[in-house]
Structure formats: C-alpha cells, structure tokens
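The numbers here are math on the coordinates, done by the rules we state, and not lab data. Treat the numbers as computed from the prediction; the structure is a model and nothing was measured. Note that we place each Cβ from the backbone using ideal geometry, even for glycine, and neighbour counts take in every protein chain shown.
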Amino acid sequence: MSDLLLVRHGETAWSATGRHTGRTDVPLTPRGVEEAISLAPFFRDRRPALVLTSPLRRAVATAELAGLTGGEADPDLYEWDYGGYEGVTTAEIRRGHPGWSLWTDGVPPGDAEHPGESAAQVGARADRVLARVAEVLRADRGDAVLVAHSHLLRVLTARYLGLPPEQGRLFLLRTGTFSRLSTEHGLPVIAGWNTSP
C-alpha cells in the first residue's frame with residue numbers, strides 16, 4: 001500500500017507569533033516561502049497519485065512552491081475553526097481561563113465567519129479525507145499528499161491511527177515539514193514525523 005504524506009504549510013506571521021489561525025487567510029512570510037521551497041527536492045522525483053490541499057492560500061502556495069502541481073482544494077482540509085479564539089494566542093486565552101486546552105476545552109462561538117468547531121467536528125472532516133484517500137492508497141499507484149494545517153493534520157493523524165480526535169494533541173507539527181503515515185503488517189503507523197529536508 002502507498003503512503004499518506006502530510007505537509008504543514010510554511011510559516012505565516014500568525015503561526016510565528018502563536019496566534020490561532022483557522023479560517024483567516026494569511027499569506028506565507030518570507031521564511032514560510034523558504035520553508036515551502038525547501039520541500040521541493042523531496043517531491044522532485046515523486047509522482048503522487050493524489051494531491052489535496054486546504055483551500056487557504058498558505059497551503060496552496062506551499063504546495064505550489066514544493067512542486068506539488070495539480071493539487072485539488074478540499075474544504076475538509078481547512079484548519080480547525082477557532083471561533084471566538086481566532087487570532088488569539090494560548091497565553092492570552094489562559095489569562096482569562098487558566099489551564100485552557102484546545103483539545104479538552106474547545107472554543108467559544110465567534111462571528112458568522114468563525115462559528116467554531118469541536119474536536120469531534122474536526123475529526124469528522126478528517127475521517128472524510130481519510131475515506132477519500134483510502135482507495136488511492138489501496139490502489140498502490142503512488143502516494144497521496146495532503147497539504148494543510150497543524151491542528152487539522154494532527155487530528156487526521158490520530159484518526160488514521162484509530163485514536164479519538166483529541167489525541168491529536170500528542171503530535172506536535174512544525175511549519176514547513178512533512179510527515180509520513182504508512183502501514184506495517186497491515187496496521188497503521190507513523191513512518192516519519194516533522195521531517196525537514
């Protein structure tokens with residue numbers, strides 16, 4: 001069976017400062033552009049059977065700069081909708097809610113564009129993506145590549161491994177990196193994590 005490759009987009013001004021960046025469409029920083037370009041050698045000789053990206057420009061630009069052409073935008077790959085915490089850092093949130101964790105406490109609703117999501121809702125989107133790529137992976141005609149966001153990819157990894165969405169907290173994911181989900185003896189495994197070229 002082919003592998004599932006996960007690419008977190010390059011750095012943005014918000015990711016660099018720890019601001020929760022869900023649906024806000026911020027561009028890559030110059031460093032983020034460099035991170036995305038640095039992925040190109042890894043993908044140069046690969047011919048993925050499927051490339052899916054988040055519709056947000058930081059993911060689309062990362063895919064293009066990494067040489068992953070022909071990608072298709074999939075709305076299920078949007079980042080976690082942080083609701084009322086969009087653009088806010090964890091430190092700021094904890095001033096009013098000591099010990100707050102996205103994974104266990106969730107987010108309050110925001111405005112119409114940021115209604116917020118629970119871990120279960122993000123997990124349902126991740127499950128739809130995994131169902132979509134499963135047939136491609138079983139056909140073994142090449143890897144599938146997903147270019148998206150930290151929290152979404154962490155939840156997707158948890159679901160791939162058969163864990164609840166909240167266990168995505170275990171998988172720290174840095175900007176401009178790729179990770180490999182594979183199988184061993186028919187069971188899902190992490191074959192590589194937070195790899196930088």
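At-a-glance table
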item	result
Condition broken by GLY32, with the remaining ones in (1) in a loop (DSSP other than H, G, I, E, B); (2) buried (at least 16 other Cβ atoms within 10 Å of the Cβ); (3) touching a Lys or Arg at 6+ places or on another chain (Cβ under 8 Å); (4) not hydrophobic (A, V, I, L, M, F, W, C) satisfied	(1)
Every pair of residues 6+ apart whose Cβ atoms lie under 7 Å, when the first sits in the range 1-14 and is over 16 Å from SER179 (Cα atoms) while the second is assigned to a helix (DSSP H, G or I) and of a type in the set (A, V, I, L, M)	MET1/LEU137
Counted residues, the range 77-104 - those being among the charged types (D, E, K, R) and closer than 15 Å to GLU117 by Cβ	3
TRP103 aromatic (Phe, Trp, Tyr) and in a helix (DSSP H, G or I)	yes
Test: residue in the range 177-193 that is within 24 Å of GLU34 (Cβ to Cβ), crowded, with 16+ Cβ neighbours inside 10 Å and touching an Asp or Glu at 6+ places or on another chain (Cβ under 9 Å)	yes
When residues of the range 1-29 are limited to those that are assigned to a loop (DSSP other than H, G, I, E, B) and among the hydroxyl-bearing types (Ser, Thr, Tyr), the one nearest to ALA63 (Cα to Cα)	THR29
Looking only at the range 3-33, and only at residues there that are among the charged types (D, E, K, R) and within 15 Å of the chain's Cα centre (by Cα), the one that is nearest to GLY116 (Cα to Cα)	ARG23
Among the residues listed as ARG159, ARG169, ARG125, ARG138, the single one being surrounded by fewer than 16 Cβ atoms within 10 Å (Cβ to Cβ), in a helix (DSSP H, G or I) and in contact (Cβ under 8 Å) with a residue 24 or more places away in the chain	ARG138
Hits in the range 172-188 (condition: out of contact with any Leu (no Cβ under 8 Å at 6 or more places or on another chain) and assigned to a strand (DSSP E or B))	THR183, GLU184, LEU187
GLY67 being surrounded by 15 or more Cβ atoms within 10 Å (Cβ to Cβ) and part of a helix (DSSP H, G or I)	no
Given (1) in contact (Cβ under 8 Å) with a residue 40 or more places away in the chain; (2) in contact with a helix residue (DSSP H, G or I) (Cβ under 7 Å, 6 or more places away or on another chain); (3) under 26 Å from TYR160 (Cα atoms); (4) not aromatic (Phe, Trp, Tyr), index of the condition GLY67 fails	(1)
Filter result for the condition that a residue is polar (S, T, N, Q) and more than 25 Å from ARG180 (Cβ to Cβ), over THR104, THR62, THR69	THR104
Output for the range 82-100, where each listed residue is surrounded by 14 or more Cβ atoms within 10 Å (Cβ to Cβ), assigned to a loop (DSSP other than H, G, I, E, B) and not small (Gly, Ala, Ser)	TYR82, GLU86, VAL88, TRP100
Selected residue [exposed (fewer than 12 other Cβ atoms within 10 Å of the Cβ), part of a loop (DSSP other than H, G, I, E, B) and in contact (Cβ under 8 Å) with a residue 24 or more places away in the chain] from GLU117, GLU113, GLU79	GLU113
VAL122 under 19 Å from ALA63 (Cβ atoms), of a type in the set (Val, Ile, Thr) and within 15 Å of the chain's Cα centre (by Cα)	no
